[in-house]
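*Asks:* Structure below; questions to follow.
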Amino acid sequence: MTVNKPRRVTVLGSTGSIGTQTLDIIRANSKDFQVVGIGAGGANPTLLAQQALEFNVEYLAIATATAAQDVQLALYAQAKKLGFSEGNFALPKLLIGPTAATELAQIAVDVLVNAITGAVGLLPTVAALKAGSTLALANKESLVIGGAAVMNLAKPGQIVPVDSEHSAIAQCLVGQQGQQVRKLILTASGGPFRGMNLTQLEEVTVKQALNHPTWSMGPVVTINSATMMNKGLEIIEAHLLFDVAYENIEVVVHPQSVVHSMVEFIDGSTIAQASPPDMHLPISLGLNWPNRIAKSSLACNWTAPTSWNFEPLDEVTFPAVSLAKRAGELAGTAPAVLNGANEVAVAAFLAGNMSFIKIVNFVSLVLDTHIKTNFVSDEELTIEEVLTAADWAQRYSQELLGANNEFRT
């Protein structure tokens, strides 16, 4: 009789929303998974220490060097709380500093979950692919900005999407042939400002923008959902993952967030994936693809009266989707600049230094400047060129924000 060994897993961004839910699933299925390493920025040292000791990890990556001492102290405090004598427990090997997550990703495992937020997830994504690990990708930005340079590193099936929309599409495509696909349809909740017009958006506050109607996410992703930039990035991700032309990828607003995405086929049939809005399901598939993990999430209650709504996207009020499509069609370094400028704009909005309505206009201006001055096409694209473009976008955006009162509140 063959006994299956536990799948060795590394979780980057372990203290964030996706990271903690990933560990929830592993905790509930401890015989099937072994956590080799975890990584986080270090802003929550107590939780990071608790995770490290609970899962007895070999490696612990801390991105912020100044947080390392706090994490070490938390490790000893947590060990004492658990009844261990000081020094009488296996301390994980600490990887400290900006390259810590990348160093951890270089260690081959069965599955690496990249749940880091933002472009800083790019190099860990590259490292995981080069190491041969299956990449359960929640950090969409690393694929979006890396584009062809990242996809060229991936073996077939090596990237498993964790975003609920792309997980849904992957599920709909099981057993299907690519040439039979007519269209991918990404669903969007519409965010907190669904139904508003441009005039109404001029006065919205940070608190209102962070009040997502269906999902609990980090602040950056929540603001991206409010502007619909998140959906624009997801279109680029869908194009790269499933090799479907941009003109055949659509967005439809579905406020209930139960149908996570759909695939329309050439014969007129549409297959949809439906489940309550809960990230445990796509995460569990990311950990164990193509096999499912029992009881990962609640199912829809088909006996209760319910209704689902589907509405067209208002691209006048929410131009981020069209802007992202434009960047995706240009490819090369354009998506890296789109994302970099957006990160600066979102940070400015959260800090009270930019109005909500100006975020997308700001990103568009930065992208236009890049296209005219230092754009690099797909044919010449390398990871180094992506990093250069992302760095330029951050620096230029900061300069523009500081010099142009038009964008400051």
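The values are calculated or read from the model by the stated rules, or taken from the named source; none is laboratory data. In this text, all values refer to a predicted model and were calculated from it rather than measured experimentally. Cβ placement follows ideal geometry from the backbone for every residue including glycine, while neighbour counts extend to all protein chains displayed.
*Asks:* Tell me, please, whether a residue that is in contact (Cβ under 8 Å) with a residue 12 or more places away in the chain and touching an Asp or Glu at 6+ places or on another chain (Cβ under 6 Å) can be found in region 365-379.
*Replies:* Scanning region 365-379, I find at least one residue that is in contact (Cβ under 8 Å) with a residue 12 or more places away in the chain and touching an Asp or Glu at 6+ places or on another chain (Cβ under 6 Å), so the answer is yes.
*Asks:* Also, I was wondering about something else. Hey, which of the helices (runs of 4 or more DSSP H) in region 161-218, taking only ones fully inside, have at least 3 residues that are at pLDDT 95 or above?
*Replies:* Here the list reads 164-173.
*Asks:* Take the residues in region 308-331 that are over 15 Å from residue 186 (Cα atoms) and among the β-branched types (Val, Ile, Thr); name whichever of them is surrounded by the most Cβ atoms within 10 Å (Cβ to Cβ).
*Replies:* Restricting to residues being over 15 Å from residue 186 (Cα atoms) and among the β-branched types (Val, Ile, Thr), the top hit is 317.
*Asks:* Tally time: how many residues in region 32-60 are in contact with a strand residue (DSSP E or B) (Cβ under 6 Å, 6 or more places away or on another chain) and polar (S, T, N, Q)?
*Replies:* Of the residues in that region, 2 qualify.
*Asks:* With respect to residue 127, determine if the residue is part of a loop (DSSP other than H, G, I, E, B) and small (Gly, Ala, Ser).
*Replies:* The answer is no for residue 127.
*Asks:* Restricting attention to region 93-120, report how many residues are touching an Asp or Glu at 6+ places or on another chain (Cβ under 6 Å) and of a type outside the set (A, V, I, L, M, F, W, C).
*Replies:* 1
*Asks:* Condition first: within 12 Å of the chain's Cα centre (by Cα), polar (S, T, N, Q) and within 18 Å of residue 287 (Cα to Cα). Now tell me which residues in region 121-158 satisfy that.
*Replies:* Once the filter is applied, which keeps residues that are within 12 Å of the chain's Cα centre (by Cα), polar (S, T, N, Q) and within 18 Å of residue 287 (Cα to Cα), region 121-158 yields 125, 139.
*Asks:* Working only within region 37-72, note down all residues that are assigned to a strand (DSSP E or B) and surrounded by 23 or more Cβ atoms within 10 Å (Cβ to Cβ).
*Replies:* 37, 38, 39, 40, 60, 61, 62
*Asks:* On to the next question. Any residue in region 258-270 that is at pLDDT 95 or above, surrounded by 15 or more Cβ atoms within 10 Å (Cβ to Cβ), farther than 21 Å from residue 137 by Cβ and more than 24 Å from the chain's Cα centre (by Cα)?
*Replies:* Yes, some residue in region 258-270 is at pLDDT 95 or above, surrounded by 15 or more Cβ atoms within 10 Å (Cβ to Cβ), farther than 21 Å from residue 137 by Cβ and more than 24 Å from the chain's Cα centre (by Cα).
*Asks:* Now for a separate question. I need the full set of residues from region 267-303 which are in a loop (DSSP other than H, G, I, E, B) and small (Gly, Ala, Ser), in order please.
*Replies:* Selection gives 268, 269, 275, 294, 296, 297, 299.
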